[in-house]
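Here's the structure we're looking at; comments come further down.
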Amino acid sequence: MKIVKSAQAGSLESCDILISVDPAKEGTGIKINLESPAKTQFGDLILVEIKEVADKLEIKDVKITAIDKGSLGYCIKARAETALRRGAGE
């Protein structure tokens with residue numbers, strides 16, 4: 001799957017995450033920028049969950065911005081998948 005346009009999913013409400021995706025040049029890989037009040041405690045886990053979704057969808061090149069407000073794992077994965085699918089034009 002290839003990201004062809006900018007897209008987002010989620011919100012900045014408490015217990016949610018806003019994930020934005022943008023197309024990236026071929027060969028740049030998956031770049032994730034995370035903002036979260038819990039970054040020191042859970043940042044690595046959030047990054048892994050987002051990366052797993054991108055890998056599952058076979059996305060190779062994308063710029064992802066995630067602004068977390070205390071979301072749980074299932075929410076992170078759902079928002080990531082929705083944003084990535086929207087970015088791919090699905």
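What follows is calculated from the coordinates using simple rules that are stated; it is not laboratory data. What you are looking at is a predicted structure, and each value in this text was computed from that prediction instead of being measured. No Cβ is skipped: glycine too gets one built from the backbone with ideal geometry, and neighbour counts run over all protein chains shown.
Applying the Karplus relation 6.51 cos²θ - 1.76 cosθ + 1.60 with θ = phi - 60° to the stretch 64-71 yields 3J(HN,Hα) values of 10, 10, 10, 10, 8, 10, x, 6 Hz, where x marks Gly and Pro. Stretching the chain fully between Gln41 and Met1 yields a gain of 11.2 nm (0.36 nm per residue, less the alpha carbon separation). Its Cα centre serving as origin, the chain has a Cβ charge dipole (Lys and Arg +1, Asp and Glu -1) of approximately 220 debye.
The Rg/Rh ratio of the chain, with Rg taken over Cα atoms and Rh as the Kirkwood radius over Cα pairs, comes to 0.94. Scoring 50-57, 81-88 by mean Cβ neighbours within 10 Å over their residues and listing the highest first yields 81-88, 50-57. The Cα center of the stretch 1-26 and the Cα center of the stretch 45-64 differ in position by 11 Å. Taking every C-alpha pair closer than 8 Å and separated by at least 6 residues, the mean separation divided by the residue count of the chain gives a relative contact order of 47 percent. Helix-only mean residue ellipticity at 222 nm, the chain, DSSP H runs n ≥ 4 weighted -39,500 (n - 2.57), per residue, nearest 500. What is it? Estimated from H runs of four or more residues: -12000 deg cm²/dmol.
Each residue of the stretch 10-24 is assigned a 3J(HN,Hα), and the resulting list reads x, 8, 9, 6, 4, 6, 9, 9, 9, 10, 10, 10, 9, x, 10 Hz, derived from the Karplus form 6.51 cos²θ - 1.76 cosθ + 1.60 (θ = phi - 60°), x at Gly and Pro.
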